[in-house]
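This report refers to the structure that appears directly beneath it.
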Ligand SMILES: [Zn+2]
């Protein structure tokens with residue numbers, strides 16, 4: 001029986017960067033900016049200007065709070 005074998009993704013990249021799930025599309029991404037992956041940022045830039053403005057405000061808030 002091999003039922004006890006844990007399901008593990010290929011962890012070859014774990015030492016380099018920690019994958020984080022995107023808060024918008026839930027895809028795991030190595031790089032997210034205020035929770036959004038590059039695909040979402042690109043998609044927002046092309047198709048969702050209102051979402052992108054909201055995201056930019058979040059980004060500004062995150063940067064400002066980091067500097068305090
Ligand atoms: Zn995403």
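The values are calculated or read from the model by the stated rules, or taken from the named source; none is laboratory data. Small disclaimer: the values here were computed from a predicted structure and weren't measured. Note: ideal-geometry Cβ built from the backbone for every residue, glycine included; neighbour counts use all protein chains shown.
Of note:
- Leading residue by the ranking (nearest to residue 61 (Cα to Cα)) among those in region 25-43 that are in a helix (DSSP H, G or I) and near the ligand (Cβ under 9 Å from one of its atoms): 41
- Residues of region 41-68 that are over 13 Å from residue 24 (Cβ atoms) and in contact with a strand residue (DSSP E or B) (Cβ under 8 Å, 6 or more places away or on another chain): 59 alone.
- Cβ-Cβ under 8 Å pairs, at least 6 apart or on other chains, region 48-67 side under 17 Å from residue 37 (Cα atoms), far side part of a helix (DSSP H, G or I): 51/44; 52/41; 52/44; 52/45; 55/41; 55/44
- Number of the condition not met by residue 19 [criteria: (1) within 14 Å of the ligand (Cβ to nearest atom); (2) surrounded by 14 or more Cβ atoms within 10 Å (Cβ to Cβ); (3) at pLDDT 95 or above]: (3)
- Selected residue (only one of 59, 13, 30 is surrounded by 12 or more Cβ atoms within 10 Å (Cβ to Cβ) and modelled with pLDDT under 95): 30
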